[in-house]
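Working notes for the structure below.
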Amino acid sequence: MGGVIIKNKLLSVFLSVIVLSLSGNALVYAANGEVYDLTTQSMKYTLEDLTSLKIQMYVGLHSSNYGYEYDGHVYSLNDVNKVYVTERKSGNKNLSVIFGKVKSDCKPAFTPNSFFIKSIEYVDETFSSNLYVEVSDSEKVTGVTVDGVQLQLDDRYSIENDKIKITFEKGTAKDNLGEVLINSSSKSYKIELGSDGNFKAMDLTDFDVEDIY
């Protein structure tokens, strides 16, 4: 049991260091510092999410389930942490050098280059404000929900060339769109506006971290 606690503490320290180092520099997709579910290969926690100590500890407790994104590849979080701990013990505190070791010594679990949600764009147009969500396969889209209300196809939303157009009242602010869910045949994705002003898609398939406390 003691070994598990120590491992979780080390992972939490690792994640805390990463958050402090990368905060403000993350991209919307495949961004350094984001944590992925190794089974579904979908993004689970953004860098912003990882500022929560509760989430850091949860990821540490379930580290075998998660991968860490760096430079376009997702590596097993356990593998990354082993390199991090080894390098820190040898006196190396340079994250660029540490992640250089990760790239040379660790095999990527996968490369996140085929997301279901490929891009998200907000456009204030002539008669309405629209949210455009590009997906990898629109045939898998089963619906769009805003604030718990299922929108009608070709009324509040439409799909063309794998791009979903969700229509809002003209002038609706980016941070006032409500809870937007893109539902597919296998899972749902929540569209969120990050603190950096960019939209992110969060996989809602798994249970909430709050459930374990």
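All of the numbers you see were taken from the coordinates with simple rules; none came from a lab. Only a predicted model underlies this, so the values are computations on that prediction, with no experimental measurement involved. When we count neighbours, we look across all protein chains shown, and the Cβ atoms used for this are built from the backbone with ideal geometry, even at glycine.
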The range 117-204, relative contact order [Cα under 8 Å, separation at least 6], %: 27
The range 117-204: radius of gyration over Cα atoms, expressed as a fraction of 2.2 N^0.38 Å: 0.99
Among 84-93, 147-156, the order from most to least packed when residues are scored by Cβ within 10 Å on average: 84-93, 147-156
